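The values are calculated or read from the model by the stated rules, or taken from the named source; none is laboratory data. Computed from a prediction, not measured in an experiment: that's the story for all the values here. Quick reminder, even Gly has a Cβ in these numbers, built from the backbone with ideal geometry, and neighbours come from all protein chains shown. Accessible surface areas use protein heavy atoms only, side chains included; no ligands, DNA or RNA. Shrake-Rupley method; radii C 1.70, N 1.55, O 1.52, S 1.80 Å.
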Amino acid sequence: MDIVDAIKTRRSTRGYKTDPVPRETIAEILEIAVRAPSAMNTQPWEFTILAGEPLRKIIEGNVKKVRDGIAPYAEIDVIGWTNDSVYRTRQVDLAKYIFEIMDIQRTDKAKRAAWMERGFSFFNAPAAIVVSVDKSLSAVGPLLDCGGLMQNICLVAMSYGLGTCIHDQGIMYPDVVRQHAGIPESKRLVIAISIGWPKEGETVNTIAPGRLPAAGVTTWVGFP
């Protein structure tokens, strides 16, 4: 697959087949993805691959905490914008778009709750990649490196016919993940990437949020 086409057509997959993803396939994807650049070649990322019973138990633990009304306590703050910012506007616009596609009415509390739980359930993917970094590293620096790595994973997965979704919901209750994945306290959970075979006919997989043209956020200096 051409890299430009891959970047232009990549989508977040939120509906998966139940078919398992072979361990060898994920291993190959990661071997390619770790070619991502990192500050001074520090390569701060570490992976924990979830599937089967451990993934199921994490999902059950996440959903139980959500239903018990326990607020998430992720180790990385993904949301950091104010309600009067353009970033909040974009977040709300995406939510409205998804709810429209999924036919979830604003007043339908049951459907809204089910959708939220879907995120905490890794979107029911057959496997997930948890990216973590050592807590001896700064809380912010490694995130730049991990961002490039995450893009690599998603693009390489496409060449195998796999779909992915980058999200933090699956790791918003770190103790649940640690309990069933064996990740030590010395590691900071950064992000989760659901991975699997996209389910045909799944409406949610048609979601394609727009992007602002680069021209609108670019300043040229020194060019004619």
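Using only Cα atoms, what Kirkwood radius does the stretch 110-220 have, in angstroms?
16.1 Å
Got a number for carbon plus sulfur as a percent of the stretch 143-224's accessible area, 1.4 Å probe?
So the carbon and sulfur contribution to the accessible surface is 60 percent.
Accessible area per residue for the stretch 68-223 in Å², computed with a 1.4 Å probe and the full protein assembly in place, what is it?
Per residue, the stretch 68-223 has an accessible area of 55 Å².
How big is the convex hull of the Cα atoms of the stretch 1-52, per residue, in Å³?
139 Å³
State the Cα centre-to-centre distance between the stretch 181-224 and the stretch 98-115 in whole Å.
Using only Cα atoms, the two centres lie 22 Å from each other.
Find the Cα radius of gyration of the chain, compare it with 2.2 N^0.38 Å by division, and give the number to two decimals.
My calculation over the Cα atoms of the chain gives 1.05.
How do the peptides 4-15, 150-161 rank, highest first, by the average count of neighbouring beta carbon atoms within 10 Å per residue?
Packing proxy ranking, top to bottom: 150-161, 4-15.
At a 10 angstrom cut-off on C-beta neighbours, averaged per residue, how do the peptides 72-80, 207-215 rank from highest to lowest?
So the order, starting with the most tightly packed, is 72-80, 207-215.
Taking the Cα-to-Cβ direction at GLU46 and at THR107 and moving 7 Å from each Cα, how far apart do the two end points lie in nm?
That separation, rounded to one decimal, is 5.1 nm.
Can you work out the PRE-style zone for TRP81? Point 7 Å along Cα to Cβ, and I want the residues of the stretch 202-217 with backbone N under 16 Å.
Residues passing the 16 Å test: 209-214, 216-217.
With θ taken as phi - 60° and the coefficients 6.51, -1.76 and 1.60, list the Karplus ³J(HN,Hα) couplings across the stretch 35-45 in order, rounded to whole Hz; mark glycine and proline as x.
6, 4, x, 8, 4, 6, 6, 6, 6, x, 6
Between ALA71 and LYS135, what is 0.36 nm times their sequence separation minus the Cα-Cα distance? Round to one decimal in nm.
In short, 20.8 nm is gained.
Using the crude model of +1 on Lys and Arg Cβ and -1 on Asp and Glu Cβ, and no other charge, please compute the dipole size for the chain relative to its Cα centre, in debye to 20.
Around 520 debye, computed over the chain.
Binning at 10 Å from 0, report for the stretch 29-82 what percent of all alpha-carbon pair distances ends up in each bin.
16, 28, 35, 20, 1
State the extension gain, in nm to one decimal, for the chain segment bounded by LEU144 and TRP220, taking 0.36 nm per residue of separation less the distance between their alpha-carbons.
Gain on stretching LEU144 to TRP220: 25.0 nm.
Take the Cα radius of gyration of the stretch 112-166 and divide it by 2.2 N^0.38 Å, with N its residue count; two decimals is plenty.
Normalised Cα radius of gyration, the stretch 112-166: 1.38.
What translational diffusion coefficient, to the nearest whole µm²/s, does the stretch 69-112 have by Stokes-Einstein, given a Kirkwood radius computed over alpha-carbon pairs, a temperature of 10 °C and 1.306 mPa s viscosity?
Value of D from the Cα-based Kirkwood radius: 127 µm²/s.
Mean separation of Cα pairs under 8 Å and 6+ residues apart, divided by the residue count of the chain: what relative contact order is that in percent?
39 percent
Applying a 10 Å radius around every beta-carbon, put 57-67, 29-39, 117-127 in order of their mean neighbour count, most first.
117-127, 57-67, 29-39
Using only the Cα atoms of the stretch 7-139, what semi-axes does the equivalent ellipsoid have when each is the square root of 5 times a gyration tensor eigenvalue? Give whole Å, largest first.
28, 21, 18
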